[in-house]
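The values are calculated or read from the model by the stated rules, or taken from the named source; none is laboratory data. Remember, predicted model here, so these are calculated numbers, not experimental data. Positions of Cβ are generated from backbone atoms using ideal geometry, with glycine treated the same way; all protein chains shown enter the neighbour counts. These area figures cover heavy atoms from the full protein model, side chains too; ligands, DNA and RNA do not enter into them. Shrake-Rupley method; radii C 1.70, N 1.55, O 1.52, S 1.80 Å.
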Amino acid sequence: MENQTKFIIQMDADCGELANIPEDKLIEWLFYCIDKKSIKTDTILWEGHPFIEQESPCNNTANYKKFRDKGINIMQEIIDECHKRGIKAYYHHRFSEVDKVSSPEAKKHGYKNDTSIGRNEIKQKHKDWLIKTWWQEGLWNLASSELQEFKLEYITKTMTEYSFDGICIDFLRHLPCLPVGKQWEYRECATEFMSKLKTDMNNLKRPVAVGAKLPENGEACRADGFDVEKWVKIGAVDFVIGGSRTINPDIGWYKKITRDSNTSVYCCWDTWHVSDAYHHQTREFYRGMLSNWVDQGVDGIVAFNFSPAPVEELLKLLPPDEIKNCLGRDFSDFYNILNEENQKEKALKYVAERRGGYPFLTGCGGNNVFAPLPEPIPNDETPLDIKIDVCGQFGDRKAEARFVITNAKSFCDKFKIFLNGVEIENFEEDYYYMDRQIFWPEPQPITYSNACYKSNPRPILEIKADIDAGLLKNGENKLSIAVIDRRNYMLDSDSINVERAEILVNER
C-alpha cells in the first residue's frame, strides 16, 4: 500500500566536511540520495548557517565565506536545484543559534572554539535582548520588542534575497526564548512574533509557507511559552513540527488543535541527538516508531541529521582523515523504512520513552521531560505501570516483552510482570546482560552519536517474556513490573530502576 505521508528532509549540511568538498561536486553530493537512490521528498528544510549570511557576523561559517569571496551565491544555486527537481526549498531558521565564539561554554557543550572569531558583537551591544541562561553569550529573548524587530528584519531580508518557498522557525533547537520561569506568562510575545512573521511573508511577492518546530506535546509547549492553539486559530502557521528527538510525540494533541484549519502536522527524528539511549537502533525499532506516527495521522515525517550521501561517496571526494565527523547514515534507509510494502507484516518494536540527554536548553521541549523512564519500582509490591503505544492488532503473531533494570540483585530480588493487567507468569532473567547505551552506575551523559556507548558497561538485569499478542491493544498499552520480594532494601539506599520497557512483535 502506497504511503501518503510526506517525507521531508531537514538538511544540516555543515557537518565538518563541507568546506573541503570540491565545488563542482557539492551539488552532486547534496542531492545524491534524491538523484541516485530515488528518494521522493516534497520539501527540504535547509539549515541556513552553512550558506547564508548570519544575523550576527561572528556566526558566518567558513563555507559561506568561501563561496561569497568567489562571488558565488551558493544558497540560491541550491534552491534552484531543488526547483529543477520539483522540490520545495524552505529556510530552516534556528531562533537562537549558539555562537561560534571562543568561550569555555563552547567546549563544554561540544562546540569547537575558534579564537579568531571573538564574541557576538550584537549580543554584547544589546544585552537587554538576551536571556542569561546555559549559553554564556545568552540566548535571544522574544519578550524584547526590539529583538523581535531585529529578527523579523533579518528574516524578511533573507527571504527577499533568496527564493525560498517557506520558512520554519526552529524554537526547539536551543531554548529558552522567553524569561525562565515565566514562559507562559509571556506567551503573547511568541504569538505576536509568529503573527508578524506571517504578515511579513504574506507581503512578499510569492506564496511562502510559515511553520515552526516546537515541543513534542501540549504540556511542554505550555511550559516553554508557545500558545500553539492560538497560532493555529489566527492563521499564523501553515505547518508545525512537534518534537525533534522524541519517539512518542503527542500527535493526537497536535491533530486536535489543527482539526479545523489548514495547518499540517509533522514529526521529526534527529538521528544525531536521538531520544536518550536509543541510538543506532534496528529496523524493527524505526518501523514501530514510524508506523505509530503514521497511524496517528501525522501529515509528514522530517528526517534530520542524516548524511546527504553514503560515507563511501564522501570517501571518493575526501581522504578518510577528513571525514571523521561525517553523520554516517544517509536519508535513504529512513525513507525506505517509512515506505516499505507490508510494513505491519514485518517485525515491529515499540518502546517507552526516556527522559533527558539533550543539553542545549533550559525548559521542556527536546528533553522528553514527561517520558516515563527511567523510573524506580516501588518497594511495596505495587506495580510500576509503563505506557507503550502500539499500532495494529497482532492476535496471531508471536510477541515479546522486555525490561532492562539496574540495581537488582541476582538470586535475591523477585519480580512479577503484567501486560494490560494480565500477569505474565513465565519469563527469563539475565543478570549478566550488558547494555552499552545505559551508563549506570554513572550518570547518563549528553546524548549524541559520538558519545552514545559506554566503553566498560556493568552487568545489569534483562527480563524477557513471550506474551500473547492478543493482549495488545491498538493504542496505549500498559506494561507493568512489581518487586514482590526485595532482600534488605531498607539497608540499601539505591532504588531498583527500569531503564527500558519494550514490546517486540515478530514478523508474521
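Remark: pairs (first residue in the stretch 34-52, of a type in the set (D, E, K, R) and open to solvent by less than 10 Å² (accessible area, probe 1.4 Å); second residue at pLDDT below 95 and assigned to a loop (DSSP other than H, G, I, E, B); Cβ separation under 8 Å; 6+ apart in sequence or on different chains) = Glu47/Asp12; Glu47/Ala13; Glu47/Asp14. None of Glu476, Glu429 is in contact with a strand residue (DSSP E or B) (Cβ under 6 Å, 6 or more places away or on another chain) and open to solvent by 90 Å² or more (accessible area, probe 1.4 Å) except Glu476. Of all residues in the stretch 175-187, none are out of contact with any Pro (no Cβ under 7 Å at 6 or more places or on another chain) and among the hydroxyl-bearing types (Ser, Thr, Tyr). Considering only residues in the stretch 110-149 that are of a type in the set (S, T, N, Q) and modelled with pLDDT of 95 or more, the one that is surrounded by the most Cβ atoms within 10 Å (Cβ to Cβ) turns out to be Asn141.
One residue stands out among those in the stretch 150-177 that are of a type in the set (S, T, N, Q) and in a helix (DSSP H, G or I): the one that is most open to solvent (accessible area, probe 1.4 Å), which is Thr160.
Among the residues of the stretch 362-376, at least one is aromatic (Phe, Trp, Tyr), closer than 25 Å to Pro445 by Cβ, assigned to a loop (DSSP other than H, G, I, E, B) and touching a residue at least 12 places away in the same chain (Cβ under 8 Å). Close contacts from the stretch 241-266, counting a first residue that is under 17 Å from Gly356 (Cα atoms) and open to solvent by 40 Å² or more (accessible area, probe 1.4 Å) and a second that is outside any strand (DSSP E or B) and among the acidic types (Asp, Glu), with Cβ to Cβ under 7 Å and a gap of 6+ residues or different chains, come to Asn248/Glu353. Restricting the first member to the stretch 204-227 and to residues that are within 20 Å of Met159 (Cβ to Cβ) and open to solvent by 10 Å² or more (accessible area, probe 1.4 Å), and the second to residues that are basic (Lys, Arg) and in a strand (DSSP E or B), the beta-carbon pairs closer than 8 Å and six or more apart or on different chains are Ala209/Lys88. Among the numbered conditions (1) open to solvent by less than 40 Å² (accessible area, probe 1.4 Å); (2) part of a loop (DSSP other than H, G, I, E, B); (3) not acidic (Asp, Glu), the only one that Ile78 does not meet is (2).
Quick check on Thr282: is it within 15 Å of the chain's Cα centre (by Cα) and touching a residue at least 60 places away in the same chain (Cβ under 8 Å)? Spelling it out, it is not the case that Thr282 is within 15 Å of the chain's Cα centre (by Cα) and touching a residue at least 60 places away in the same chain (Cβ under 8 Å). Just one residue in the set Pro445, Pro459 is more than 22 Å from Gly288 (Cβ to Cβ), under 21 Å from the mean Cα position of the chain (by Cα), open to solvent by less than 70 Å² (accessible area, probe 1.4 Å) and of a type outside the set (Gly, Ala, Ser); that residue is Pro445. When Val180 is tested against (1) part of a helix (DSSP H, G or I); (2) open to solvent by 40 Å² or more (accessible area, probe 1.4 Å), just one condition goes unmet, and that condition is (1). Of all the criteria given as (1) buried (at least 17 other Cβ atoms within 10 Å of the Cβ); (2) in contact with a Pro (Cβ under 6 Å, 6 or more places away or on another chain), the one not satisfied by Arg436 is (1). Total residues in the stretch 246-286 satisfying the condition of being part of a helix (DSSP H, G or I) and either in contact with a Gly (Cβ under 9 Å, 6 or more places away or on another chain) or of a type in the set (Lys, Arg) (or both): the figure is 8.
Only one of the numbered conditions (1) in a loop (DSSP other than H, G, I, E, B); (2) modelled with pLDDT under 85 is violated by Cys58, and that is (1).
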